Each structure stands twice: as structure tokens, then as C-alpha cells.
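The values are calculated or read from the model by the stated rules, or taken from the named source; none is laboratory data. Just so you know, these numbers come straight off a predicted model, no measurement behind them. Positions of Cβ are generated from backbone atoms using ideal geometry, with glycine treated the same way; all protein chains shown enter the neighbour counts.
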Amino acid sequence: MEALPLDNDLRFEPVTPERWDDFETVFGPQGGFYNCWCVALRLPHAVRTKMAADERKAHMRERIKAGPPPGILCYADGAPVAWVQVGPRHDVPQFNSPRTVSRPLEEGDVHDPSIWAVSCFFLLPKLRGKGMGHRLLAGAVDHARRQGARLLEACPIDHVKQSKSVTLCVGSTAVFEAAGFETIARRKDGRPLMRLELRA
């Protein structure tokens, strides 16, 4: 299958129960990297690793069914091609773990509904390594702003040896810098905690 031309118009939609089939299309039969189904930041490692792939899938389906939407789907020419996990920090518990590099700057930030996180990107293999990160992040920023978020945070990675590396599911620091995000903490080399102010 040929790659979609990147000059096509992209459309972003919140993932809702009605869009589950589109979410499933993006993740494919394996559920993304290592059958993740985007639950890595939602469940403790000890719990997640004991779950079968279909259990992870069911967990995410129930989360989407419960609402509000935990992220956005990207469409090109009407077809779902990518997913961005973006929402309030409290919705991704492992992003806030005291042991992680993405932990909040202030303890209260976890419970502030106006502080959001963009924590994961996943797109069809044919589109990887083609500069889509900038457009996906722009869609996430726009969604967070329209939903009333005050701050949007992320914990990307500085450099990887290959542009298609699995680790880039968290995004590239360069992409976030280009979008205006600023580093507010660095707990580990190569993994800055970054923030974009969306409103005063």
C-alpha cells in the first residue's frame, strides 16, 4: 500500500465509542507496539505485564466507552491513520508516578483539571519517519486548547538512532520545541519534562 501524501488535509476527532472501529484500525490486530493498546501509562507495570493482549484491548475499550475521550484520532482522506493520547494529567496515572521522569512539577498538578498531558503518539507504519509528528502535535494542542486546558505537558525523548524507533511513541523533543514547548524539568538525560501555556 502506498503512503498517503502528507499534503492531504488531516482531520482530528475525539475518540468516542462510535469511533472504536477506527481506533482499532489504527492499532491493527497486534494492538500497537508489544500489544500495548495504549494502556502503558494507565496501568502499573506489574498489572499490565500480567494481562493478555485482549485484556489490554478490553481495558482501553472500556475507558473509551466510559468517556470523556482520552485522546484524538487523525484522519486523512476520511481514513483513520493515527492516534494521540491527550487529556488531563489525572487520566494517565503512570505519567504521574513519583518514580517517573514525567512526574508533575508540583504535587497538586495531578489533580488540576486544567493541566493536560500529551503522552503518546501512534500512527500507521507507512507514515512513520515522514515528519507527521509536527502535525499530530498541532492537533493535540488545538484539541487541548478547545477543551479549556491551561497548560499542556509532555515528556518526549531527545534523540534516537532511528526515526522509526518504538521510543518515539512519546514524541521527539525537537518537535515539541518547534511547537513552543519549554523545558521545565530534566530528571534524566534525554527526557525533559516540557510545558506549553495555552492560556493565562
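Of all the criteria given as (1) part of a loop (DSSP other than H, G, I, E, B); (2) touching a strand residue (DSSP E or B) at 6+ places or on another chain (Cβ under 6 Å); (3) without any contact (Cβ under 8 Å) to a residue 40 or more places away in the chain, the one not satisfied by Ala149 is (3). Of everything listed in (1) out of contact with any Leu (no Cβ under 7 Å at 6 or more places or on another chain); (2) at pLDDT 95 or above; (3) closer than 25 Å to His159 by Cα; (4) buried (at least 21 other Cβ atoms within 10 Å of the Cβ), the single unmet condition for Cys36 is (2). A count restricted to the stretch 105-155 and to residues that are polar (S, T, N, Q) and within 20 Å of Ala178 (Cα to Cα) stands at 1.
For the stretch 57-66, the count of residues that are of a type in the set (Gly, Ala, Ser) and surrounded by 12 or more Cβ atoms within 10 Å (Cβ to Cβ) is nonzero.
The number of residues in the stretch 39-53 being of a type in the set (Gly, Ala, Ser) and crowded, with 18+ Cβ neighbours inside 10 Å comes to 1. Applying the set (1) within 12 Å of the chain's Cα centre (by Cα); (2) buried (at least 21 other Cβ atoms within 10 Å of the Cβ) to Pro88 leaves exactly one unmet item: (2). Restricting the search to strands (runs of 3 or more DSSP E) fully inside the stretch 1-103 and requiring at least 3 residues that are small (Gly, Ala, Ser) gives 79-88. Among the residues of the stretch 117-146, those that are free of Cβ contacts under 8 Å to residues at least 40 places away in the same chain and not charged (D, E, K, R) comprise Ala117, Pro125, Gly129. Evaluate the following for Arg145: is it out of contact with any Cys (no Cβ under 9 Å at 6 or more places or on another chain), over 20 Å from Phe33 (Cβ atoms), at pLDDT 95 or above and of a type in the set (D, E, K, R)? So Arg145 fits the description; yes.
Among the residues of the stretch 165-189, just one is at pLDDT below 95, surrounded by fewer than 16 Cβ atoms within 10 Å (Cβ to Cβ) and in contact with a helix residue (DSSP H, G or I) (Cβ under 8 Å, 6 or more places away or on another chain), namely Val166.
Table: residues versus (1) touching an Asp or Glu at 6+ places or on another chain (Cβ under 7 Å); (2) surrounded by 22 or more Cβ atoms within 10 Å (Cβ to Cβ).
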{"residue": "Glu55", "(1), (2)": "no, no"}
{"residue": "Pro68", "(1), (2)": "no, no"}
{"residue": "Leu73", "(1), (2)": "yes, yes"}
{"residue": "Leu127", "(1), (2)": "no, no"}
{"residue": "Leu136", "(1), (2)": "no, yes"}
{"residue": "Arg145", "(1), (2)": "no, no"}
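Residue check: Tyr75 meets all listed conditions (1) more than 16 Å from Lys126 (Cβ to Cβ); (2) in contact with a helix residue (DSSP H, G or I) (Cβ under 9 Å, 6 or more places away or on another chain); (3) at pLDDT 95 or above but one, namely (1).
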